Amino acid sequence: MATPESHPPVANAAAAGSVSSDVVSARRFRFAGRRFLSPQVLQFALFAVNGALVAVVYSIVVWSLISLSPRSFTFDVVIAYGISVVANYLGARLIFRSATRMRTHVPRYLTVVALNFVLAAAVAWSLDYIGAPRIISAYAPVVVTAVPSFLLMRRWVFRPETSPTVS
């Protein structure tokens, strides 16, 4: 039977400095007395599930736009990417369980989104320009931005706020 390994409670975890945005929770899951999943592995797995759900949203939107609209292919990809960003944020906010306030992590998140947006648009346009199959041109941007996005969210966007030290 899986049981969580408990840790001493912390009244204000953010003030204690022990809470990290790269840990889903302060528990390590044990199975038959052995550690089953580290928090980082669990977080990565949850990020992958979130990515799969965002891919479904992206797929529905991009292929609907391509089949229903007279816009350019690249513009359809950009619109679908924007909608999937919102879905991704909602999932990432739950996964990274940051102790940061929205005014701290939202500008960071939007910075990562902007960088990923430029990269995704360039990849989609380049692949479409050289005549790559549309399915590759539509999904390559998502694949190219996945790992950098996870790393930046884990290490920068949702990291705990550091309190200023008083000298």
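The values are calculated or read from the model by the stated rules, or taken from the named source; none is laboratory data. Computed from a predicted model, the values in this text were never measured in an experiment. A quick note on method: Cβ atoms are made from the backbone with ideal geometry, for glycine too, and the neighbour counts reach across all protein chains shown. All accessible areas refer to the heavy atoms of the entire protein, side chains included, with ligands and DNA or RNA removed. Shrake-Rupley method; radii C 1.70, N 1.55, O 1.52, S 1.80 Å.
Yes/no per residue for (1) surrounded by fewer than 16 Cβ atoms within 10 Å (Cβ to Cβ); (2) in a helix (DSSP H, G or I); (3) modelled with pLDDT under 85:
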residue: ARG108; (1), (2), (3): no, yes, no
residue: THR111; (1), (2), (3): yes, yes, no
residue: ALA114; (1), (2), (3): yes, yes, no
residue: SER126; (1), (2), (3): yes, yes, no
residue: ILE136; (1), (2), (3): yes, yes, no
residue: TYR139; (1), (2), (3): no, yes, yes
residue: THR145; (1), (2), (3): no, yes, yes
residue: ARG154; (1), (2), (3): no, yes, no
Is it the case that ALA55 is touching a residue at least 12 places away in the same chain (Cβ under 8 Å) and either of a type in the set (A, V, I, L, M, F, W, C) or in a helix (DSSP H, G or I) (or both)?
yes
Applying the selection to segment 65-81, what residues are surrounded by fewer than 19 Cβ atoms within 10 Å (Cβ to Cβ) and without any contact (Cβ under 8 Å) to a residue 24 or more places away in the chain?
LEU65, SER67, LEU68, SER69, PRO70, ARG71, SER72, PHE75, ILE79
Exactly one condition in (1) modelled with pLDDT of 90 or more; (2) open to solvent by 40 Å² or more (accessible area, probe 1.4 Å) is not met by THR162; state its number.
(1)
Out of (1) over 16 Å from the mean Cα position of the chain (by Cα); (2) closer than 20 Å to ILE60 by Cβ; (3) at pLDDT below 85, what's the single condition that is false for ARG101?
(2)
Residue among VAL41, VAL56, VAL62, VAL85 that alone is open to solvent by less than 50 Å² (accessible area, probe 1.4 Å) and more than 11 Å from the chain's Cα centre (by Cα):
VAL62
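Restricting to segment 90-106, give me the number of residues that are charged (D, E, K, R) and not in a helix (DSSP H, G or I). Step through it out loud before you land on a result.
First, the residues of segment 90-106 that are charged (D, E, K, R): 93, 97, 101, 103.
With the extra rule that they be not in a helix (DSSP H, G or I), the set shrinks to 97, 101.
Result for segment 90-106: 2.
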